[in-house]
Amino acid sequence: MDLWLIWLMIAAVLAVAEIFTLTAALGLLSVAALVTAGSAAVGLPVPLQFLVFATVSTVTVLFVRPIALRHVLQPQTARFGVDALVGKAAHVVSEVTGQGGRVRIDGEEWTARAYDETLVIPAGKTVDVIEISGATAIVYPRD
């Protein structure tokens, strides 16, 4: 069996292992094995193939992996869906109590409950959305 084919199989095994571990290290080793497969295909001797593999592995794991992890581990900056509604202002459409009511958030009407169950918020007031629980906005009046 040709050496470049062996390196190609090693690259494939490492790539599959990376899918299950998500560490970025095995994926970079897979890239190194792929580069080595290319060098073996052009006829580089075996000792130089190992040198290519070691060099590419070292460079990618030491320099590329930290950059990749830094990008993966960044906190999410934008909120989507109902999470984006938390903190927004809402207009009370019908009286909101601890039991229920209706508010309009960004043009959409939502069922609502007062954050403090003893509060009664009359229609026409502006409230802040504290959280979303299912399809109900938990709100608190603005002062």
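Computing FRET efficiency as 1/(1 + (r/R0)^6) for residue 78 and residue 116, where r is the C-beta to C-beta distance and R0 is 41 Å, gives about 0.85. Only protein atoms count toward the accessible area here, which uses a 1.4 Å probe; on the chain, the carbon and sulfur part of that area reaches 66 percent. Per residue, segment 28-143 exposes 62 Å² of solvent-accessible protein surface, assessed with a 1.4 angstrom probe and all protein chains in place. Once you reduce segment 88-143 and segment 1-56 to the center of their Cα atoms, the two points are 59 Å from each other. Against the compact-protein benchmark of 2.2 N^0.38 Å, the Cα-based radius of gyration of segment 30-143 scales to 2.15. Apply the Debye scattering formula to segment 48-115, with a single equal point scatterer on each alpha-carbon and no solvent, then give log10 I(q)/I(0) at q = 0.16, 0.20, 0.26 Å⁻¹. Taken in order of the listed q values, log10 I(q)/I(0) reads -0.70, -0.85, -1.08.
Output the relative contact order of segment 50-110, whole-number percent, from Cα pairs under 8 angstrom with separation of 6+ residues. Don't skip to the answer; put the middle values down first.
Details: 29 pairs, mean separation 10.5, N = 61.
Relative contact order for segment 50-110 comes out at 17 percent.
In summary, segment 35-85 shows an alpha-carbon radius of gyration equal to 2.00 times the 2.2 N^0.38 Å reference for compact globular proteins. Listed by number, the DSSP H helices of the chain that run 18 Å or longer by alpha-carbon position along their axis and have mean Kyte hydropathy of at least 1.6 are 3-21, 25-41, 46-59.
The values are calculated or read from the model by the stated rules, or taken from the named source; none is laboratory data. Note that the coordinates shown come from a computational prediction; the quantities given were computed from them, not determined experimentally. In this analysis, Cβ positions are derived from the backbone assuming ideal geometry, glycine residues included, and neighbour counts consider all displayed protein chains. Just the protein is used for accessible areas: all its heavy atoms, side chains included, with ligands, DNA and RNA removed. Shrake-Rupley method; radii C 1.70, N 1.55, O 1.52, S 1.80 Å.
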